[in-house]
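I have placed the structure first, in the form of structure tokens, so that the comments after it can refer back to it.
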């Protein structure tokens with residue numbers, strides 16, 4: 001787990017530093033491409049972070065429901081219905097995050113202003 005965290009942190013730092021190292025001067029087209037590239041990168045990282053919570057929650061919910069069914073098989077129907085409702089609510093959080101990320105990618109209203117400000 002620690003090696004994975006160190007690897008992810010190193011990859012994130014390398015990504016952030018490479019954008020500064022490869023930056024170009026003065027050209028408005030390049031600045032616009034850098035802005036769009038930064039927005040896409042942030043949206044991807046944000047989606048990865050936003051998906052982490054629901055995926056862990058779904059795993060824990062399924063684990064707990066199967067353990068409950070194993071302990072009390074007569075209550076399997078009630079446990080299963082409750083688990084499915086809970087999973088639907090957890091999945092809605094991931095869908096909300098996806099909608100926000102798509103809005104950031106395709107309907108970002110201030111990208112022109114940021115491009116003008118940066119150039």
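Rule-based calculations on the coordinates, nothing more; no lab input. Keep in mind that this is a model prediction, so the values were computed, not measured. Quick reminder, even Gly has a Cβ in these numbers, built from the backbone with ideal geometry, and neighbours come from all protein chains shown.
Full extension of the chain between residue 82 and residue 10 gives 21.8 nm of extra length, using 0.36 nm per residue less the Cα-Cα distance. Exposure proxy ranking for 71, 80, based on other Cβ atoms within 10 angstrom of each Cβ and starting from the fewest, stands as 71, 80. Taking each residue as 0.36 nm, the span from residue 37 to residue 107 lengthens on full extension beyond its C-alpha to C-alpha distance by 23.7 nm.
Applying 1/(1 + (r/R0)^6) with R0 = 22 Å to the Cβ-Cβ distance of residue 2 and residue 58, what FRET efficiency is obtained, to the nearest 0.05? Could the numbers behind the result be given before it?
Numbers: r = 24 Å, r/R0 = 1.11.
Taking R0 as 22 Å, the efficiency between residue 2 and residue 58 is 0.35.
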